[in-house]
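*Asks:* This structure is in structure tokens; I'll ask about it shortly.
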Amino acid sequence: MYRWALSWLLRQTVKLDVYINRVYPADWNPLYYTGGLSHFFLFVLVISGILLFFYYVASLDGAYASVAYLTDQVPYGAILRGIHRYAADGFIIAVLLHLFRNWFTDRYLFARDGPWISGMFLLILGGFIGINGYQLVWDQRAQAITLVFVEMLRAVPAAGSALVRLFLGGAGISDALLPRILFLHVGTASFLYILLWWHYVRVRHPKVWPPATWVLTLLGLITLLAALPGTRPTAGVAAQPAATPTAYPLDVFFLLPFWLVNWLPAAAVAGGLTVLLLLGYVIPYIRRESVPQMGVRHAGVAQVIDGNCTGCELCYYDCPYNAIVMVPSLHPGATKAAANRKLLAVVMDSRCVECGICIGACPFEALELPKFLEADVLRRIEQAVAQPATA
Amino acid sequence: MGRPVLLLAIVALAGASLLLAAVIVLGELRDAYALGGGALGGILIAYGLIVLLLRRLGLIGPRGAEGK
Amino acid sequence: MKVIGFVCDWAVATADLVDDQGRLRAFPAVHVVRIPCSGFMRPDWLESALRAGADGAFVTGCPYGDCLNREGNYLMRDRVDQLGRRLQRRRIDPQRVAMFAHGLHDRGPFLNEVGAFLRRLEGLPQAAPARAARPAPAAAEASE
């Protein structure tokens, strides 16, 4: 059932490309750069965040006032806030597009589970950072979601009240809270770049920037949205210390769990989210096709033919997953190639996705896929040529 | 799309960008910074479209041959 | 006329375009071989196909930007270009090898491009004669 659904989703996802490729040249299709789009929005968030940080005051009285000062008094301050807000929305949209596209097009299987797992962490932390961003403004909405968040924390088994005390910096909401939230917001954002290292480490030439037309168009779009009267970011009423606000405008990108609290207890929402995320981690280990069904796609991990390798490094440069390393070739071998080389190619099985690109790169017949050898290819050619041209 | 139409569109977009740049200056003179921000957004979107049209014309892009 | 097409298993879906012998129904002269990635093809194999008696050989990968293995189609495109130059030195017409890029649903454009390739082949002078082994310079014309 899951497999059938996934195959259907694969076809539909690729169907979208047919329509987009009619407008945009294929190598500018934004869906081929969903990772790059996420990275681009993250970059805009970091730059605009640094500029916002210069104006922010992290105290219960000062936070709202500093944000209001930035919005009303500073030239382009409102635009800056809007850019930060819409880049965050764009980030979540791009990350979800990236998740779904890579899930539905089988780009997480076997040795590609590293980017998937690190990507799940990136998703969780990205969402968390967004929630913190809403809390920093310290308006009524911020106060409301902070109270709900504290309830969710309290529901954590065994460590709940300790976590709450750690988060609040004391028994209740005090001036110790906002500096902590600021640290969670900015520190976690910096930590994202360490996770991104993990996300990129097995990928050669990661596409971290989308095509120029998309950088310009999206930056223009979020700037425009920040300026238009209908979509300009505003803050609600300042938070009152004793009040417990209940109604506030929702942001569908980051605050959906808080919306669900209307019907479910906070603990249930937190538990449900946790289950959903754990399921996400399992995805790389459930394939939509069994191994025999994959046919040529699963022809075995690339094997180096030691006697033929001359250490030319062409396979090393071509492997898209950094799965080949060149090691010093210490002992002179029996063949001419082995006697004269300085380096030897070694395939790291844990990183090889069995694509065969290294086979195509090697001019010395020193690489083979175990189930699709050069002999097999040549035999197919002979058969094809020997066949009569008509049925 | 024919070549003259594309060229006309590029020139029109470039002219619009120039006008929007003037709007930015106007906004700064009047302390209406939202106006300037919107104009900046418009300029960037216009540039994005210009780049796409240049690609369609074949002036930028890889080898010209494969890009549709 | 005999053409061999190597189609990557993620590119255009050919399951319903081929008969049970692997020939394209639309163009029975074309025999399709599925490969794990367009980047899997050694350029030598395309040359081998021509020497074995095929009139042409092509590789089909995913649309540029969407290779499942990220760069395979770009790499293959460059290799086919380089192969073309090598073939010229060996007096084989480089128009006999080609690289295409078509996605899962792009059956129409794929068949169109194959048809255009076949027409181009028909217009070329006599097919490259099959040669027995690595050729000495100036192989004589062998009859087909």
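*Asks:* Quick check on my filter: what residues within region A:290-306 are under 20 Å from residue A:5 (Cβ atoms) and out of contact with any His (no Cβ under 9 Å at 6 or more places or on another chain)?
*Replies:* Step one: filter region A:290-306 for residues under 20 Å from residue A:5 (Cβ atoms), giving A:290-291, A:293-294, A:297.
Answer for region A:290-306, where residues must be under 20 Å from residue A:5 (Cβ atoms) and out of contact with any His (no Cβ under 9 Å at 6 or more places or on another chain): A:290, A:293, A:294, A:297.
*Asks:* Oh, and also: Across region C:77-122, what is the total count of residues that are of a type in the set (A, V, I, L, M) and part of a loop (DSSP other than H, G, I, E, B)? I'd like the intermediate steps shown before the answer.
*Replies:* First pass over region C:77-122, keeping only residues of a type in the set (A, V, I, L, M): C:80, C:83, C:87, C:92, C:97-99, C:101, C:104, C:111, C:114, C:116, C:118, C:121.
Next cut, part of a loop (DSSP other than H, G, I, E, B) only: C:92, C:104.
Summing the residues that are of a type in the set (A, V, I, L, M) and part of a loop (DSSP other than H, G, I, E, B) in region C:77-122 gives 2.
*Asks:* A further question on this structure: Of these, A:287, A:297, which one is closer than 28 Å to residue A:361 by Cβ, out of contact with any Lys or Arg (no Cβ under 7 Å at 6 or more places or on another chain), basic (Lys, Arg) and within 14 Å of another protein chain (Cβ to nearest Cβ)?
*Replies:* On the way: A:287 fails: within 14 Å of another protein chain (Cβ to nearest Cβ).
It is A:297.
*Asks:* Another question about this same structure. For region C:1-53, give me each residue that is basic (Lys, Arg) and farther than 19 Å from residue A:360 by Cα. Break it down stepwise before answering.
*Replies:* Of the residues in region C:1-53, the ones basic (Lys, Arg) are C:2, C:23, C:25, C:34, C:42, C:51.
Once the filter is applied, which keeps residues that are basic (Lys, Arg) and farther than 19 Å from residue A:360 by Cα, region C:1-53 yields C:2, C:23, C:25.
*Asks:* Another one. Among A:58, A:65, which is the only one that is under 21 Å from residue A:239 (Cα atoms), more than 15 Å from the chain's Cα centre (by Cα) and outside any helix (DSSP H, G or I)? Give the steps one after another, and end with the answer.
*Replies:* Values: A:65 fails: outside any helix (DSSP H, G or I).
It is A:58.
*Asks:* Also, quick follow-up: Does region C:57-69 contain at least one residue that is out of contact with any Gly (no Cβ under 7 Å at 6 or more places or on another chain), small (Gly, Ala, Ser), touching a residue at least 24 places away in the same chain (Cβ under 8 Å) and within 21 Å of residue C:13 (Cα to Cα)? Walk me through it before giving the result.
*Replies:* Of region C:57-69, the ones out of contact with any Gly (no Cβ under 7 Å at 6 or more places or on another chain) are C:57, C:59, C:64-65, C:68.
After this cut, where a residue has to be small (Gly, Ala, Ser) as well, the list is C:57, C:65.
Subset that is touching a residue at least 24 places away in the same chain (Cβ under 8 Å): C:57.
Among the residues that remain, those that are also within 21 Å of residue C:13 (Cα to Cα) are: C:57.
Yes, the conditions are met somewhere in region C:57-69.
*Asks:* Under 9 Å between Cβ atoms, which residue pairs at least 6 apart in sequence (or on different chains) link something in region C:20-31 that is in contact (Cβ under 8 Å) with a residue 40 or more places away in the chain with a partner that is part of a strand (DSSP E or B) and basic (Lys, Arg)?
*Replies:* Filtered contacts from region C:20-31: C:29/C:23; C:30/C:23.
Conditions tested, residue by residue: (1) surrounded by fewer than 20 Cβ atoms within 10 Å (Cβ to Cβ); (2) part of a helix (DSSP H, G or I); (3) more than 21 Å from the chain's Cα centre (by Cα).
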{"site": "A:213", "(1), (2), (3)": "no, yes, yes"}
{"site": "A:229", "(1), (2), (3)": "yes, no, yes"}
{"site": "A:235", "(1), (2), (3)": "yes, no, yes"}
{"site": "A:240", "(1), (2), (3)": "yes, no, yes"}
{"site": "A:250", "(1), (2), (3)": "yes, no, yes"}
{"site": "A:254", "(1), (2), (3)": "no, no, no"}
{"site": "A:257", "(1), (2), (3)": "yes, yes, no"}
{"site": "A:262", "(1), (2), (3)": "yes, no, yes"}
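*Asks:* Sticking with this structure for a sec: Given the options A:225, A:276, name the one that is under 21 Å from residue A:141 (Cβ atoms) and modelled with pLDDT of 80 or more. Can you show your working first?
*Replies:* Working: A:276 fails: under 21 Å from residue A:141 (Cβ atoms).
Within the list A:225, A:276, the selection yields A:225.
*Asks:* Scan (1) out of contact with any Pro (no Cβ under 7 Å at 6 or more places or on another chain); (2) at pLDDT below 95 for the single condition residue B:43 breaks and write down its number.
*Replies:* The number of the failed condition is (2).
*Asks:* Follow-up. Out of region C:84-117, which residues are farther than 19 Å from residue C:11 by Cβ and within 12 Å of another protein chain (Cβ to nearest Cβ)? Even if it seems obvious, please write down each step before you answer.
*Replies:* Of all residues in region C:84-117, those farther than 19 Å from residue C:11 by Cβ come to C:84-96.
Hit for region C:84-117 is C:86, nothing else.
*Asks:* Can I ask one more? Filter region A:75-130 for residues that are of a type in the set (Asp, Glu) and within 15 Å of the chain's Cα centre (by Cα); which is surrounded by the most Cβ atoms within 10 Å (Cβ to Cβ)?
*Replies:* Narrowing region A:75-130 to residues of a type in the set (Asp, Glu): A:89, A:106, A:113.
Checking the rest, the ones that are also within 15 Å of the chain's Cα centre (by Cα) come to A:89, A:113.
On the way: A:89: 17, A:113: 15.
Residue satisfying both the conditions and the ranking: A:89.
*Asks:* Can you report the number of residues in region A:284-302 which are on the phi < 0 side of the Ramachandran plot and either surrounded by 15 or more Cβ atoms within 10 Å (Cβ to Cβ) or touching a residue at least 12 places away in the same chain (Cβ under 8 Å) (or both)? Show your work before the answer.
*Replies:* So in region A:284-302, the residues on the phi < 0 side of the Ramachandran plot come out as A:284-294, A:296-299, A:301-302.
Pick out the ones that are also either surrounded by 15 or more Cβ atoms within 10 Å (Cβ to Cβ) or touching a residue at least 12 places away in the same chain (Cβ under 8 Å) (or both) and you get A:284-289, A:294, A:296-299, A:301-302.
Adding up the residues that qualify gives 13.
*Asks:* Which of (1) more than 21 Å from residue A:24 (Cβ to Cβ); (2) assigned to a helix (DSSP H, G or I) does residue B:53 not meet, given it meets every other one?
*Replies:* Every listed condition holds for residue B:53 apart from (1).
*Asks:* Something else about it: In the set A:305, A:357, A:324, which member is within 11 Å of chain C (Cβ to nearest Cβ), surrounded by 14 or more Cβ atoms within 10 Å (Cβ to Cβ), within 38 Å of the chain's Cα centre (by Cα) and in contact (Cβ under 8 Å) with a residue 24 or more places away in the chain?
*Replies:* Details: A:305 fails: within 11 Å of chain C (Cβ to nearest Cβ); A:324 fails: within 11 Å of chain C (Cβ to nearest Cβ).
Going through A:305, A:357, A:324 in turn, just one is within 11 Å of chain C (Cβ to nearest Cβ), surrounded by 14 or more Cβ atoms within 10 Å (Cβ to Cβ), within 38 Å of the chain's Cα centre (by Cα) and in contact (Cβ under 8 Å) with a residue 24 or more places away in the chain: A:357.
*Asks:* It is to be established whether one or more residues within region A:367-382 are touching a residue at least 12 places away in the same chain (Cβ under 8 Å), under 22 Å from residue A:114 (Cβ atoms) and not aromatic (Phe, Trp, Tyr).
*Replies:* Looking through region A:367-382, at least one residue is touching a residue at least 12 places away in the same chain (Cβ under 8 Å), under 22 Å from residue A:114 (Cβ atoms) and not aromatic (Phe, Trp, Tyr).
*Asks:* Of the numbered conditions (1) more than 14 Å from chain B (Cβ to nearest Cβ); (2) out of contact with any helix residue (DSSP H, G or I) (no Cβ under 7 Å at 6 or more places or on another chain); (3) surrounded by fewer than 22 Cβ atoms within 10 Å (Cβ to Cβ), residue A:14 satisfies every one except a single condition; which is it?
*Replies:* (3)
*Asks:* Could you tell me whether residue C:9 is in contact with a Lys or Arg (Cβ under 6 Å, 6 or more places away or on another chain) and under 24 Å from residue A:203 (Cα atoms)?
*Replies:* On the way: in contact with a Lys or Arg (Cβ under 6 Å, 6 or more places away or on another chain): yes; under 24 Å from residue A:203 (Cα atoms): yes.
For residue C:9, the condition - in contact with a Lys or Arg (Cβ under 6 Å, 6 or more places away or on another chain) and under 24 Å from residue A:203 (Cα atoms) - is met.
*Asks:* Quick check: anything in region C:46-62 in a loop (DSSP other than H, G, I, E, B), touching a Phe, Trp or Tyr at 6+ places or on another chain (Cβ under 9 Å) and more than 9 Å from chain A (Cβ to nearest Cβ)?
*Replies:* yes
The values are calculated or read from the model by the stated rules, or taken from the named source; none is laboratory data. These figures come from a predicted structure and were not determined experimentally. Because the Cβ atoms are built from the backbone with ideal geometry, glycine has one as well, and the counts that use them run over all protein chains shown.
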